Amino acid sequence: MDDVTRLPDDFDGRVRLFPLPELVLFPHAMQPLHVFEPRYTEMLAESLAGDRLIAMATLTGGITTMPDQSPPIATTVCIGRIVSHADLGDDRHNILLVGTKRAKLVYEMDAGRPFRIAEVDVNHDIYPPIGAEDRMELKRELLNAFGEVIPASANVQQNLHELMAGQMGLGPITDIISYTLPFDVEAKLQLLAQPDVDARACELIRLLKTGAVTLHSVSNEEQSFQGNEAEDERFPPPFSLN
């Protein structure tokens, strides 16, 4: 996973932006996408021919002040790497992204493409030295809080036990939980914007303990989409319908 989440040595801080509503990607998380809009198929082709990077950005729902301005996006994005690509023909593609790094927008630039491009500052995870002695206990507290909100089963408990005993660090664990659970978009963006791993874990524990998340069954729309999908085109489901 470290190889997948490592940025190229020649990364220059410029990213292609893929803005979507209600989606917040996190490092170490996997996001399947169905790409078909012409501007984004062009973006995909450029990415596949180069560094295979696409930065997922979250539309904030704000209103542009000028007719030629792009819709506003959150200032923190997640740079993703394409790890799998399926060309379905007719300019339709399925891709699987793995989040690599959180990043802060510096400015957007006009690069003469139909899609958006921005300069970003990469925010690497920070592990404060002062919290090193308590980090294992923080990891245990987080996994216990996570275990309280997910369906109880012997398999789930075994997985949590393996996570606790395993070598996965607190940073990746917080990001995977933050991505997986259906927190509201604002809460997810706050977690994405926090590079301090201990502070991020504490905020995630607070959210879990205050009942900020309610697990629900698969929606009718998702069931319909999965049920109508051709068997030979199945690709790690469920896909985002974008």
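The values are calculated or read from the model by the stated rules, or taken from the named source; none is laboratory data. All of these numbers come straight from a predicted model, not from anything done at the bench. What goes into the accessible areas is simple: the full protein's heavy atoms, side chains included, and nothing from ligands, DNA or RNA. Shrake-Rupley method; radii C 1.70, N 1.55, O 1.52, S 1.80 Å.
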Å² per residue, accessible surface of region 72-201 at 1.4 Å: 49
Residues with amide H under 5 Å of THR100's amide H, sequence separation 5 or more or different chain, H placed in the peptide plane at 1.01 Å from N; which? HIS28, ILE79, GLY80, ARG81
Note, region 6-12: 3J(HN,Hα) by Karplus (6.51, -1.76, 1.60, θ = phi - 60°), whole Hz, Gly/Pro = x, goes 8, 6, x, 4, 9, 4, 9
Square roots of five times the Cα gyration tensor eigenvalues for region 161-207, Å: 19, 12, 9
When averaged across all projection directions, what area in nm² does the alpha-carbon convex hull of region 1-101 cover? 7.1
Which whole-Hz ³J(HN,Hα) couplings does region 23-32 yield from phi under the Karplus relation 6.51 cos²θ - 1.76 cosθ + 1.60, θ = phi - 60°, glycine and proline marked x? 10, 10, 8, 10, x, 6, 8, 10, 10, x
Here Rg/Rh (Cα, Kirkwood) for region 83-202 equals 1.06
Order of exposure, largest accessible area first, which applies to ASP12, ASP175 with probe 1.4 Å: ASP12, ASP175
Just the Cα atoms of region 1-58, one point each, no solvent: what log10 I(q)/I(0) does Debye give at q = 0.20, 0.21, 0.24 Å⁻¹? -0.88, -0.98, -1.24
